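Please treat every number below as a calculation from the coordinates, not as lab data. Please read these numbers as outputs of a predicted model, since none were measured by experiment. So basically every Cβ, Gly included, is an ideal-geometry build from the backbone, and we count neighbours across all protein chains shown.
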Amino acid sequence: MKTIINDTYFEKINRDAIDFYNAHGWVVIENGIQGDLLDDSLESWERHRQQCAKEMEISFEKYKQEISQWRDLWTLGGIFREILDSSESVRAIAQKGMDWSGIRLLHDHIIAKPAGSSNKKIPWHQDSMFWPVDLPGCSTWTPLEDVSIEGGCLEVVDSSHLEGCEKPIDFMAEERWDFPEDSVRVKLPVKAGYTILLHSLTWHRSSPNSTSSDRPAHIGLWVHTGVHWRPDMVDWHPLNDNVEASPGEQLIGEMFPTWGVVEEIEKPDQDIHGGTTRTGGISMFDASTILGNQIRHILNSEGNLSTLLNDEENRNIVASKTISKGFAQESDRKTLTDILERLYICHAAYVLHRARNVFNATYADWWEIAGQSWSKTEINYD
């Protein structure tokens, strides 16, 4: 696959930009979040994650090395709601780019890749494969700091939005690279405040951040106001808990704010994809459930992953039992207890603040050193 670096930018979302977007499945707009809005967004995010660490009673250093995604920031109000409400900001780019008279938010989030942390690659994927709705949409990707190639900029397979949607890909599995030989990978380094409008069928990825920046990017996920809810296709997605409709009906709910005209649209003749396929072992779709069952079994105690692992004594018991089973060596004890503490941080962050490690690195680390061995014992996963 040929690789090039983007050199095409548009000052605003105009007709030329829309034509480019329709042809390529992505476009870079220079005036996404600018001026005070950009500065305030970065400061608000910094305050938010520091407050989250404080509420969890852990050091900020430990927190930021582990947690990389903060969801539903618009519900906090303030600057994050203003980003979406502004008629000149990211929502307008999405709505005009898709040529919609109205637009609905699935959710917004910030994803960061703090240097030196458990930040890893985001593998090739399409957004639509992860959305429990029946039609494609788009996302807005706006970094709050400059993002270079070394910083893990967004990469896209040019014009891949024209080829349909595949089933959800597990981020913890092997990455897909079998694209057509004539495919073109475009790397998209961008300045702070620029917005990449990305079609939800466009294949995209990002590499690890090797700079000293935290590389935060604000991301909005957008759909037409008339899309229908299809939880059967993506049964694991947490947004399913917030829908105020029956399966197959128009997606509605307080957690999905709309702007502009709400329209009825016909259901497509074919499903956008065939649904999630689970292959056994651990996956991004059910890692916390599997590991929660393991920890309950090991401790012979009730509770969720974070309530059980919040106790240092429980972490030591799990480590000791893992070593006594022969699944690890005594020399691995500190590694085990460190991973178990990180598991607590990951799970508690999501329970308390809808924040998590989007790279699933800690779950994978536990699985590699001990979880896979524990999975072969007699544990009831029902």
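Descriptive notes on the structure:
- The angle between the Cα long axis of helix 333-353 and the longest principal axis of the Cα atoms of the chain comes to about 40 degrees, rounded to the nearest 10.
- For the chain, alpha-carbon Rg and Dmax in angstrom: 21.1, 66
- FRET efficiency for the pair Asp332 and Ser210, taken as 1/(1 + (r/R0)^6) with r the Cβ-Cβ distance and R0 = 41 Å, rounds to 0.90.
- Among Pro143, Pro257, Pro114, residue whose mean-square fluctuation peaks in a GNM of the chain (springs only between Cα atoms under 10 Å): Pro257
- Normalised by the number of residues in the range 2-260, the mean separation of alpha-carbon contacts (under 8 Å, six or more apart) gives a relative contact order of 29 percent.
- In the chain, the longest principal axis of the Cα atoms and the axis of helix 287-299 are about 10 degrees apart.
- Each residue of the range 245-253 was assigned a 3J(HN,Hα) from its phi angle through the Karplus expression (A = 6.51, B = -1.76, C = 1.60, θ = phi - 60°), giving 7, 8, x, x, 8, 4, 5, 9, x Hz with x at Gly and Pro.
- Formal net charge of residues neighbouring Tyr350 (Cβ-Cβ distance under 9 Å; K, R +1; D, E -1): +3
- Each Lys and Arg Cβ is given +1 and each Asp and Glu Cβ -1; about its Cα centre, the chain then shows a dipole of about 900 debye.
- With all pairs of different C-alpha atoms in the average, the Kirkwood value for the hydrodynamic radius of the range 287-374 is 12.7 Å.
- Full extension of the chain segment joining Thr3 with Glu30 gains 7.4 nm, where the gain is 0.36 nm per residue of separation less the Cα-Cα distance.
- Here the Gaussian network model covers the chain, with springs between Cα atoms less than 10 Å apart; of Gln51, Gln69, Gln95, Gln51 fluctuates the most.
- Secondary-structure-derived ellipticity at 222 nm for the chain, considering helices only, amounts to -9000 deg cm²/dmol, per-run term -39500 (n - 2.57) for DSSP H runs with n ≥ 4.
- Close amide-amide hydrogen proximity is noted between Val133 and Arg230, each under 5 Å apart and 5 or more residues distant or on a separate chain (H modeled in the peptide plane; Pro and chain starts excluded).
- Cross-link pairs Lys167/Lys191; Lys96/Lys120; Lys62/Lys334; Lys64/Lys321; Lys120/Lys167; Lys167/Lys267 - those with Cα-Cα distance over 24 Å: Lys167/Lys191; Lys96/Lys120; Lys64/Lys321
- Candidates Glu30, Glu302, Glu166, ranked by Gaussian network fluctuation over the chain, Cα under 10 Å, top entry: Glu302
- With Cα atoms, 0 to 90° folded angle of helix 312-324 axis to the chain main axis: 70
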